[in-house]
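The values are calculated or read from the model by the stated rules, or taken from the named source; none is laboratory data. Keep in mind that this is a model prediction, so the values were computed, not measured. Ideal geometry is used to build each Cβ from the backbone, glycine not excepted, and the neighbour counts take in all protein chains shown. Quick note on the areas: whole protein, heavy atoms, side chains included, nothing else; ligands and nucleic acids left out. Shrake-Rupley method; radii C 1.70, N 1.55, O 1.52, S 1.80 Å.
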There are 2 protein chains.
Amino acid sequence: MDDLAHFEKNLRKVVARLTEAPCPPKLAEAIEYSVFGSGNRLRPRLLLAVAKSCGKMEKELCLHGAAAVELMHSASLVHDDLPAFDNADVRRGAPSVHAAYGVATAVLVGDALLVGAFRALTEAATKCPERAHKLMKLLTETTGCPAGIIAGQAWEQEDNVEVLDYHRMKTAALFEMAAMGGAICSNQDPEGFRSLGHYIGMAYQTADDLRDELGDTNDLGKPSGKDKALNRPSVVAKMGVKEASSLFEVFLQKAIDSVPVCNKPEELTLFVKELLERFKLSGNIQSNSNKN
Amino acid sequence: MDDLAHFEKNLRKVVARLTEAPCPPKLAEAIEYSVFGSGNRLRPRLLLAVAKSCGKMEKELCLHGAAAVELMHSASLVHDDLPAFDNADVRRGAPSVHAAYGVATAVLVGDALLVGAFRALTEAATKCPERAHKLMKLLTETTGCPAGIIAGQAWEQEDNVEVLDYHRMKTAALFEMAAMGGAICSNQDPEGFRSLGHYIGMAYQTADDLRDELGDTNDLGKPSGKDKALNRPSVVAKMGVKEASSLFEVFLQKAIDSVPVCNKPEELTLFVKELLERFKLSGNIQSNSNKN
């Protein structure tokens, strides 16, 4: 069984402990629906790859850390899709949670996943209390206020927004959690991995902005042009497709350059390159940006 | 400075760490607004009273534990008031968070407070890692799925609901957190305090149902008759005012009888009696129930 299969198996167990009796049946169904769609598991992959590259990996902690990151990501998607935010009825090619189960249940699914992420870490703490505590602290910093993904999402409600700050908090913070969390799971200093997570996240969000402009509904699983219609802060709106594409290339290179000294830097670099290649391909950014 | 003043001072600090720069200003303002209304701080009071009655109290942990419970409670109020749930424009005599700041910001305030509660506990963990970990585990159990307050709230979306299960999860769970959390802060076995929290919570919710039926808008800070109009599961709807009032009395007595062996049982019993007396007075339940 490869790492991702182990991850999925463990995630099923973690989620099953949330949805078992006496959980209200509709909420339980909606939680399962929100987590087991067709997600790419980018953040758990990154966490596991960093942990492996550091050696001294503690497998159970890694799997629970990766589960926590993915549950937080799922929570953010469910709440971001709500009518008060993106009003997105489609996610990953299927009805979004609120479209399928109603707004009230969708709010509670997000809440339950937020708490569920911390629960996954408390479950892992029995074996490695110190590392689990560091993961918990990092998870609060990268998801909550003042600078995590929840705070990032709130920039959409403000009049004056610096788009790169918005992206850093809304998107890059959870990639930082994944990269730094992987280091914590292997007992390495997480600070050395912050830039790696940051630039991967910034590249990811820049690709997302470009996709919204250039199209590619299939890969995105949501209609393109949506962010533009909602007047979301966007690097494309700020600097145009050509400059945004250049910025994307800068973030790609900075991500690759950010792989720090570790046990297996070549393997990690290869993983990062493959991950970044996905962002390019799915957005068809290279070819489009050449035209502009 | 008494315990509650210490609690408020510490809560200000905990919240200030959430709302400091670079937190988006509107979100920061709404977070402050949601926490520093005219709340009665019942759950923090209970946590502190139990901790004191057990001796060996670790003050910083207590204050952070009490802050975590209150932040969770505030989060649940903000989300419960949303249009998709109670659609309450008034809370504690003032505009609810979504009425004042919009639905999107209210959703994010709740999310930020959920994460902020865990952050408060991670901050306390430096000094008492084992106790903080127990508090975190208990917080996930009493707030998340399958049986915490979020799961409890989700029963409102189901067709077949056992009202006492709904109350146990939606309301009593967080009182259990407070009572058991107080014991954890003082290094005592929390299980001995579960019933105390449970029955206080059940009495509280029964009083709330009676108030909704019998009136008392001022004390409740929200219009009475609202739960009835929304067809919420209610002990009054299930068994009528007379039997619900009797049940309230049963819960009161069971709560008093649940004070376990501890260092200062007389003081704790006195606190519990005073707390329960508030439920009676605010609902004017005694006099009304005598009429029915």
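Can you tell me which residue in segment B:112-133 is nearest to the other protein chains (Cβ to nearest Cβ), limited to those that are more than 23 Å from A:Gly110 (Cα to Cα) and among the hydrophobic types (A, V, I, L, M, F, W, C)?
Looking at the filtered set, the residue picked out is B:Ala125.
Which number in (1) within 13 Å of chain B (Cβ to nearest Cβ); (2) closer than 20 Å to A:Arg41 by Cα; (3) open to solvent by 40 Å² or more (accessible area, probe 1.4 Å) marks the one condition that A:Tyr204 misses?
Looking at each condition in turn, A:Tyr204 falls short on (1).
Is it the case that A:His64 is closer than 27 Å to B:Thr142 by Cβ, more than 9 Å from chain B (Cβ to nearest Cβ) and either of a type outside the set (Gly, Ala, Ser) or crowded, with 24+ Cβ neighbours inside 10 Å (or both)?
Working: closer than 27 Å to B:Thr142 by Cβ: yes; more than 9 Å from chain B (Cβ to nearest Cβ): yes; either of a type outside the set (Gly, Ala, Ser) or crowded, with 24+ Cβ neighbours inside 10 Å (or both): yes.
Criteria met by A:His64.
Among residues belonging to segment B:163-187 that are touching a residue at least 24 places away in the same chain (Cβ under 8 Å) and open to solvent by 50 Å² or more (accessible area, probe 1.4 Å), point out the one that is farthest from the chain's Cα centre (by Cα). Talk me through it step by step, then tell me what you get.
As a first pass, look at segment B:163-187 and keep what is touching a residue at least 24 places away in the same chain (Cβ under 8 Å): B:163-164, B:166-168, B:170-187.
Okay, now just the ones that are also open to solvent by 50 Å² or more (accessible area, probe 1.4 Å), so B:164, B:168, B:187.
Details: B:Leu164: 17, B:Arg168: 12, B:Asn187: 22 Å.
Checking each candidate, the answer is B:Asn187.
Please indicate, with yes or no, whether at least one residue in segment A:231-238 is surrounded by fewer than 21 Cβ atoms within 10 Å (Cβ to Cβ) and on the phi > 0 side of the Ramachandran plot.
In the first step, residues of segment A:231-238 are kept if they are surrounded by fewer than 21 Cβ atoms within 10 Å (Cβ to Cβ); the result is A:231-233, A:237-238.
Narrowing the set further to residues that are on the phi > 0 side of the Ramachandran plot leaves A:231.
Within segment A:231-238 (the criterion being surrounded by fewer than 21 Cβ atoms within 10 Å (Cβ to Cβ) and on the phi > 0 side of the Ramachandran plot), the answer is yes, since at least one residue qualifies.
Take A:Val69 and tell me if it is within 13 Å of chain B (Cβ to nearest Cβ) and either crowded, with 24+ Cβ neighbours inside 10 Å or in contact (Cβ under 8 Å) with a residue 12 or more places away in the chain (or both). If you could, list the steps in order and put the result at the bottom.
Numbers: within 13 Å of chain B (Cβ to nearest Cβ): no; either crowded, with 24+ Cβ neighbours inside 10 Å or in contact (Cβ under 8 Å) with a residue 12 or more places away in the chain (or both): yes.
For A:Val69, the condition - within 13 Å of chain B (Cβ to nearest Cβ) and either crowded, with 24+ Cβ neighbours inside 10 Å or in contact (Cβ under 8 Å) with a residue 12 or more places away in the chain (or both) - is not met.
When you check B:Lys127 against the structure, is it open to solvent by 10 Å² or more (accessible area, probe 1.4 Å), of a type in the set (Lys, Arg), part of a loop (DSSP other than H, G, I, E, B) and over 21 Å from A:Asp80 (Cβ atoms), yes or no? Before the answer, list the steps.
Working: open to solvent by 10 Å² or more (accessible area, probe 1.4 Å): yes; of a type in the set (Lys, Arg): yes; part of a loop (DSSP other than H, G, I, E, B): yes; over 21 Å from A:Asp80 (Cβ atoms): yes.
When the stated conditions are applied, B:Lys127 passes them.
Scan segment B:92-103 and report the pairs whose first residue is closer than 14 Å to B:Ser76 by Cα and whose second residue is assigned to a helix (DSSP H, G or I) and at pLDDT 95 or above, with Cβ atoms within less than 6 Å and a gap of 6+ or a chain change.
Partner pairs satisfying both residue conditions: B:Val97/B:Ala30; B:Val97/B:Ser34; B:Val97/B:Val78; B:Val97/B:Ala106; B:Val97/B:Val109; B:His98/B:Ala106.
Per-residue answers, yes or no, for (1) in a helix (DSSP H, G or I); (2) over 20 Å from B:Arg17 (Cβ atoms):
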| residue | (1), (2) |
| --- | --- |
| A:Thr140 | yes, no |
| A:Ala151 | yes, no |
| A:Met169 | yes, no |
| A:Met177 | yes, no |
| A:Ala183 | yes, yes |
| A:Arg232 | no, yes |
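Taking B:Ala147 and the conditions (1) in a loop (DSSP other than H, G, I, E, B); (2) away from chain A (no Cβ under 12 Å), which numbered condition does it fall short on, given that it satisfies the others?
(2)
Say whether the condition of being of a type in the set (Ser, Thr, Tyr), within 14 Å of chain B (Cβ to nearest Cβ) and outside any helix (DSSP H, G or I) is met by at least one residue in segment A:14-29. Full working, then the answer.
Step one: list which residues in segment A:14-29 are of a type in the set (Ser, Thr, Tyr), which gives A:19.
Within this subset, residues satisfying the condition of being within 14 Å of chain B (Cβ to nearest Cβ) are A:19.
Then keep just the ones that are outside any helix (DSSP H, G or I); that gives none.
So far as segment A:14-29 goes, no, none of its residues is of a type in the set (Ser, Thr, Tyr), within 14 Å of chain B (Cβ to nearest Cβ) and outside any helix (DSSP H, G or I).
If I ask for residues that are out of contact with any Phe, Trp or Tyr (no Cβ under 7 Å at 6 or more places or on another chain) and over 21 Å from B:Leu77 (Cα atoms), which ones from segment B:18-36 would you list? Break it down into steps so the answer makes sense when it comes.
Kept after step one, since they are out of contact with any Phe, Trp or Tyr (no Cβ under 7 Å at 6 or more places or on another chain), are these residues of segment B:18-36: B:18-23, B:25, B:27-29, B:31-36.
Passing the criteria: B:Glu20, B:Ala21, B:Pro22, B:Cys23, B:Pro25.
Restricting to segment A:78-97, and then to whatever is in contact with a Gly (Cβ under 9 Å, 6 or more places away or on another chain) and away from chain B (no Cβ under 13 Å), can you tell me which residue is surrounded by the most Cβ atoms within 10 Å (Cβ to Cβ)?
So the residue we want is A:Arg91.
Looking at segment A:153-167, which of its residues are facing chain B (nearest Cβ under 7 Å) and either part of a helix (DSSP H, G or I) or of a type in the set (Gly, Ala, Ser) (or both)? Walk me through how you get there before you give the answer.
First, the residues of segment A:153-167 that are facing chain B (nearest Cβ under 7 Å): A:153-155, A:157-158, A:165.
Those that are facing chain B (nearest Cβ under 7 Å) and either part of a helix (DSSP H, G or I) or of a type in the set (Gly, Ala, Ser) (or both): A:Gln153, A:Ala154, A:Trp155, A:Gln157, A:Asp165.
Filter segment B:49-61 for residues that are buried (at least 17 other Cβ atoms within 10 Å of the Cβ) and over 17 Å from B:Leu276 (Cβ atoms); which is nearest to the chain's Cα centre (by Cα)? Spell out how you get there, then give the answer.
At the first step, the residues of segment B:49-61 found to be buried (at least 17 other Cβ atoms within 10 Å of the Cβ) are B:49-54, B:57-58, B:61.
Next cut, over 17 Å from B:Leu276 (Cβ atoms) only: B:51-52, B:54, B:57-58, B:61.
Details: B:Ala51: 17, B:Lys52: 19, B:Cys54: 21, B:Met57: 22, B:Glu58: 22, B:Leu61: 19 Å.
The qualifying residue nearest to the chain's Cα centre (by Cα) is B:Ala51.
Kindly provide the set of residues from segment B:134-160 that are of a type outside the set (S, T, N, Q) and open to solvent by 50 Å² or more (accessible area, probe 1.4 Å), ordered by number.
Taking segment B:134-160 first, the residues of a type outside the set (S, T, N, Q) are B:134-139, B:141, B:144-152, B:154-156, B:158-159.
Selection gives B:Lys134, B:Lys137, B:Glu141, B:Asp159.
Identify, from the list B:Ala124, B:Ala112, B:Ala151, B:Ala178, the residue that is at negative phi and touching an Asp or Glu at 6+ places or on another chain (Cβ under 9 Å). Spell out the reasoning first.
Numbers: B:Ala112 fails: touching an Asp or Glu at 6+ places or on another chain (Cβ under 9 Å); B:Ala151 fails: touching an Asp or Glu at 6+ places or on another chain (Cβ under 9 Å); B:Ala178 fails: touching an Asp or Glu at 6+ places or on another chain (Cβ under 9 Å).
Being at negative phi and touching an Asp or Glu at 6+ places or on another chain (Cβ under 9 Å) holds for just one of B:Ala124, B:Ala112, B:Ala151, B:Ala178, which is B:Ala124.
May I ask you to list the residues in segment B:17-45 that are open to solvent by less than 50 Å² (accessible area, probe 1.4 Å), farther than 14 Å from B:Leu63 by Cβ and either of a type in the set (A, V, I, L, M) or touching a residue at least 60 places away in the same chain (Cβ under 8 Å) (or both)?
B:Leu18, B:Leu27, B:Ala28, B:Ala30, B:Ile31, B:Ser34, B:Val35, B:Leu42
Just checking, which of B:Ala100, B:Ala106, B:Ala117 is modelled with pLDDT of 95 or more, open to solvent by 10 Å² or more (accessible area, probe 1.4 Å) and part of a helix (DSSP H, G or I)?
Values: B:Ala106 fails: open to solvent by 10 Å² or more (accessible area, probe 1.4 Å); B:Ala117 fails: open to solvent by 10 Å² or more (accessible area, probe 1.4 Å).
B:Ala100 is the lone residue from the list that is modelled with pLDDT of 95 or more, open to solvent by 10 Å² or more (accessible area, probe 1.4 Å) and part of a helix (DSSP H, G or I).
Taking segment B:54-96 as the search range and keeping residues that are in a helix (DSSP H, G or I) and among the acidic types (Asp, Glu), which one is nearest to B:Trp155 (Cα to Cα)?
Step one: list which residues in segment B:54-96 are in a helix (DSSP H, G or I), which gives B:54, B:59-80.
Narrowing the set further to residues that are among the acidic types (Asp, Glu) leaves B:60, B:70, B:80.
Values: B:Glu60: 36, B:Glu70: 22, B:Asp80: 13 Å.
For segment B:54-96, the residue satisfying everything is B:Asp80.
Return the only residue of B:Ser258, B:Ser195 being among the hydroxyl-bearing types (Ser, Thr, Tyr), modelled with pLDDT of 95 or more and open to solvent by 50 Å² or more (accessible area, probe 1.4 Å).
Numbers: B:Ser258 fails: open to solvent by 50 Å² or more (accessible area, probe 1.4 Å).
Matching residue, one of B:Ser258, B:Ser195: B:Ser195.
Exactly one of these conditions fails for B:Phe7: (1) touching a Leu at 6+ places or on another chain (Cβ under 9 Å); (2) within 14 Å of chain A (Cβ to nearest Cβ). Give me its number.
All conditions are met except number (2).
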